[in-house]
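The structure under discussion appears below in the form of structure tokens.
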Amino acid sequence: MRHTPLFDRYRSQVARWTSFAGFEMPLYFQSILAEHHAVRQKWGLFDVSHMGEWIIDGEAAAQLVDVAFSRNATTMRTGSARYGFLLWPNGGTVDDAMVYRLQSDRFLLVANAANIAKDGEALRRAAEQAKVENGARLYDRSAEIALLAAQGPAAIPAIEQASGTEIGSIRPFRAAQRTLWGHTVLISRTGYTGEDGVEIFSKAEEAGPLWEKLLEAGAVPCGLGARDTLRLEAALPLYGHELTDTITPLEADLEKFIDWDHPFIGREALEEQRQVGLEKKRIGLVLTERGIAREGMKLYAAGEPAGWVTSGTQSPTLGQSIALAYLQCQALSEPTGAALAVEIRNRLVSAQRVSLPFVQRGRSPVPQRPTTQGGEGR
Amino acid sequence: MSEVRDDRRYSKEHEWVVQEEGRVRLGITDFAQNELGDVIFVELPEVGKGFHAGEAIGTVESVKSVSDVYTPISGRVVEKNEALEQRPELVNQDPYGEGWLVKIEPTDWDQEANQLLDAAAYRALIGE
């Protein structure tokens, strides 16, 4: 089992561990619910150093990233970040990733831990297709870079106050270098919780002191359990669940993270899928009877199998049983609206489709109401 | 450290039972709730339903896991803890008290209770 550079720092404080992509990671320090509420109400701190970092640099770096990534890299400004996808030629998702333009000829791609090698292969294929030759180089910096996520409404003011370093002027989806307690870091106004906050990239050996300083500043240490319930409430996809090699971003209802103004691997397949129409689509569900939908459970529409659940939990913020699921579009377009149900231990439990996200910035974005069947749900 | 009470008996599956006024109250142990983490959902059987010892009578779900609850005692369910529908966290907060699950009218208490662990044996089972 692999460990992040912070393992020894917090190992005595972790109540429960989990294994994730070959890493032994904290599931929770105290309790998943307590950590979840801390992030929604104040702020929490996550070690996400297991995530991968690819550096792409050279005069043709933008050209390479442009072909590899669903977002237009050539129009990215220095210091900006874009969320998007690496795709297979057939449109299936290799990985979802955040890409930063660090300098005009230098990019950072943050990869899911399980996909680091796979992303490297996708980047190499893109390099070949873009014919960048020696104009761009790839470096896997995953082991040298640590990543901390400070998330929650109080995160930025608390860090500013404790460190004396101004970070609030870094706008959402922007990143800038700062000095925090004497450590040079890259601070990104991004996250995976649906709350305001920052992600802090540092040298692996400097993550420990930073972790301590951030806890002293009042952060609640959080594990992957709360990270999962928070991102689920925010309806953010988790690779391996809502996105896989056989699911396209269109099916995941994430088209807004595709820039159609540039060529990229998988584009033709997505265009064709857009023309022909989707077979399945990601939707949000609230269970209207008692029960918790779990990954892999079957979804029924009008009594017929019509999809499956990819993630589900009792929403700590809403007190409702929520789930993300894939529904066959045939069932989606039924004019009268098919009654939905999740099969939980051989019993059908009624569910209603709702608009996503379930929670944004600490509360439900709109009163949770069922969307019209066949409607776009946004 | 998990609490184990001397006034009741335990199953190897981490349920406790205690006899009171001819009925048996059943719950999960402090060790079990601690292993599960935050309980978010409890599914209990209908009142009136009969079970044999060893059968699953319900489910306790935490954020990360789903666990069946087995009755170590045969009998009919005469009451269930309705409070858990709104407050499943009672299982974490007070597993031996307000977090109880069901009451059973036993059919063979003496025989079956004898086969269960006493507090000392249960402490040994969980390594305490």
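Taking the Cα centre of each part, how many Å lie between region A:213-241 and region A:43-80?
21 Å
For chain B, what does the helix formula give at 222 nm: sum of -39500 (n - 2.57) over DSSP H segments with n ≥ 4, over the residue count, nearest 500 deg cm²/dmol?
One gets -4500 deg cm²/dmol as the mean residue ellipticity at 222 nm.
In Å and on Cα atoms, what radius of gyration and Dmax does region A:52-140 show?
Cα-based Rg and Dmax for region A:52-140 come out at 11.3, 31 Å.
If I compute solvent accessible area with a 1.4 Å probe over the protein chains, what percent of it on chain A is carbon and sulfur?
With neighbouring chains kept in place, the figure for chain A is 48 percent.
Given a 1.4 Å probe, show me the residues in region A:263-293 buried by at least 40 Å² of accessible surface when comparing the whole protein assembly to the chain alone.
A:290, A:292
Can you give me the accessible area per residue for region A:195-342, using a 1.4 Å probe, in Å²? Numbers along the way, then the final one.
Working: 5500 Å² over 148 residues.
With the other protein chains kept in place, region A:195-342 gives 37 Å² per residue.
Only bridges with both residues in chain A count here: give the DSSP antiparallel percent, nearest 5.
That works out to approximately 95 percent antiparallel.
Relative to the isolated chain, which residues of region A:19-59 have their accessible area cut by 50 Å² or more in the presence of all protein chains (1.4 Å probe, heavy atoms, no ligands or nucleic acids)?
Residues meeting the cut-off: A:33.
Long-range amide H contacts for residue A:223: which residues qualify at under 5 Å (H placed 1.01 Å from N, peptide plane, sequence gap of 5 or more or a different chain)?
A:29
Any idea how many Lys pairs in chain A come in under 27 angstrom at the alpha carbon, given 8 or more places apart or on separate chains?
12
Binning at 5 Å from 0, report for chain B what percent of all alpha-carbon pair distances ends up in each bin.
2, 12, 24, 25, 21, 12, 3, 0
Check the straight Cα-Cα distances from residue B:49 and name the lysines below 18 Å, setting aside those fewer than 8 residues away within the same chain.
Cα-Cα hits under 18 Å: B:80, B:103.
For n ≥ 4 DSSP H runs only, could you compute -39500 (n - 2.57) per run for chain A, divide by its residues and tell me the 222 nm figure to the nearest 500?
Estimated from H runs of four or more residues: -6000 deg cm²/dmol.
Among A:330, A:314, A:360, determine the one that fluctuates most according to a GNM of chain A built with springs between C-alpha atoms less than 10 Å apart.
A:330
Once each part is reduced to its C-alpha centroid, what is the distance from region A:314-363 to region A:109-185 in angstrom?
Measuring centre to centre over Cα atoms gives 34 Å.
Leaving ligands, DNA and RNA out of it, report the carbon-plus-sulfur percent of the accessible area of chain B at a 1.4 Å probe.
C and S atoms contribute 41 percent here.
Given N residues in the protein assembly as shown, what is Rg(Cα) / (2.2 N^0.38 Å)?
Against the empirical 2.2 N^0.38 Å value, I get 1.09 for the protein assembly as shown.
The values are calculated or read from the model by the stated rules, or taken from the named source; none is laboratory data. Note that the coordinates shown come from a computational prediction; the quantities given were computed from them, not determined experimentally. Remember, those area values only see protein heavy atoms, side chains included, never the ligands or the DNA or RNA. Shrake-Rupley method; radii C 1.70, N 1.55, O 1.52, S 1.80 Å.
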